[in-house]
Amino acid sequence: MIIVTGSVVIEDGKLAQALALSQAHVERSRTERGCISHCVQIDNENPRQISFVEEWADRQALLAHFAVPDSQGFVQALSALATSAPIMKIYDANEISIADLVS
């Protein structure tokens with residue numbers, strides 16, 4: 001599984017617009033092949049920062065997601081509302097059960 005985390009700080013007065021763009025992107029992304037989960041949240045400590053957590057079945061699914069023109073347009077539109085460039089991190093992960101972890 002591939003996990004993507006991201007965050008961006010939005011300019012004053014533009015949070016509602018950023019959240020609307022982000023929620024539309026999340027909902028569209030959830031329909032793509034290989035999307036396990038995709039969400040956007042407002043940071044509790046900085047209400048102008050929004051964060052994303054995504055789970056993808058594999059690298060091919062994530063690369064296909066990045067190639068979707070609407071995904072590219074979303075990044076450009078959100079970046080225009082941000083105080084600085086968005087931060088994104090990508091991880092190749094394997095799930096570990098609690099039982100395996102503590103035994």
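If you count only protein heavy atoms with a 1.4 Å probe, what accessible area per residue comes out for the chain, rounded to a whole Å²?
Numbers: 6490 Å² over 103 residues.
Ligands and nucleic acids excluded, the figure is 63 Å² per residue.
Return the carbon/sulfur percentage of the accessible area of segment 43-94, one whole number, probe 1.4 Å, all protein chains in place.
Numbers: 1810 of 3350 Å².
Carbon and sulfur atoms account for 54 percent of the accessible area of segment 43-94.
Can you work out the FRET efficiency for the pair C39 and S103, with r the C-beta to C-beta distance and R0 = 35 Å, to the nearest 0.05?
On the way: r = 31 Å, r/R0 = 0.88.
Step by step, r from the Cβ atoms, then E = 0.70.
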Using a 10 angstrom cutoff on alpha carbons, build the Gaussian network for the chain and name the most mobile of Q23, Q76, Q49.
Q76
To the nearest 10 degrees, how steeply does helix 69-79 sit against the main Cα axis of the chain, on a 0 to 90 scale?
60 degrees
Cut-off 11 Å (backbone N to label point 7 Å along Cα→Cβ of A77), residues of segment 9-23:
17-23
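Given the DSSP H assignment, sum -39500 (n - 2.57) over each helix run of at least 4 residues in the chain and divide by its residue total; what's the result at 222 nm in deg cm²/dmol, nearest 500? Walk me through the numbers on the way to the answer.
Numbers: 4 runs with 40 residues, N = 103.
-11500 deg cm²/dmol, from helical runs alone.
The values are calculated or read from the model by the stated rules, or taken from the named source; none is laboratory data. Just so it is clear, the model here is predicted, and its values are computed rather than measured. Reconstructed Cβ throughout: ideal geometry from the backbone, glycine too, with neighbour counts over all protein chains shown. To get the accessible areas, we keep the full protein, side chains included, count just its heavy atoms, and leave off ligands, DNA and RNA. Shrake-Rupley method; radii C 1.70, N 1.55, O 1.52, S 1.80 Å.
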